[in-house]
Structures are given as structure tokens and as C-alpha cells.
Amino acid sequence: QRQNGQSLSRRTSDFRNFCEDIMGEVSMSAEEQTALANLLDEMQMKDTLTTFNRIVERCFTDCVDSFMGKSLSSKEGVCINKCFEKFMKYSARAGQRFAELQFNTPPQQ
């Protein structure tokens, strides 16, 4: 399920780049360009919120064991911080690797 979220993010980014390329090469009115840019912004926002919600759910499920108090135990807090930190490092590395692959791939004709 995590792969789906990450691949969705990558697909959204790829689609955004594709559309921006098209916007530069196809004659579109300013109104059409604005509408497309707004659509892409909306898609990116939905993708960001979906990813955020998944990581919150994942870390909460993995780390929160007890509902006996109104605040997290120190163990739960440490777990959540580590979980989120791992996610951020993984996301940064995956993005970096994707950019490397994209940069090193010769353009297709």
C-alpha cells in the first residue's frame, strides 16, 4: 500500500512535468493554461494530503499502544518521531534516486 502512495506521487509529478512540457509546445490560451495549472495544483495537493495521511496512520498504528492517558508515553513519542524521520529520509532518498535516473536516462525520440 505504501508503494501505491509513492508511485502515485511519482505519477503525479511525471504527469505535471508532461503537462508543463505540453503547455510550452501546444498553443493554449492563457485561460486554458491557467485552468490546467489549477488542475495540476489540485492534483498535487490531493497527492500530498494522501501521502501525509498514510504516514500519520502508519506511524500511529505502529507506535501507539495504549489509550490510558491523554498524551503519548515517551516510548510512543520516540517511536513516532523515528517513524516519521525514517519516512522523510526514505522519501528524500527515493526522490534523489528518481532524479538521478531521470537525469541519466537519454531522451526518447
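Multiplying the sequence separation of N104 and L36 by 0.36 nm and subtracting their Cα-Cα distance, what value in nm do you get?
21.6 nm
Quick one: net charge around K75, please, counting Lys, Arg +1 and Asp, Glu -1 for every other residue with C-beta under 14 Å from its C-beta.
-2
Run the reach check for K70 against lysines, Cα to Cα strictly under 26 Å, same-chain hits fewer than 8 apart removed. What comes back?
Straight-distance partners of K70: K82, K86.
FYI, it's all coordinate maths here, none of it is from the lab. As the structure is a computational prediction, the values presented were derived from the model and not from experiment. For neighbour counting, all protein chains shown are included, and Cβ atoms are generated from backbone atoms with ideal geometry for every residue, glycine included.
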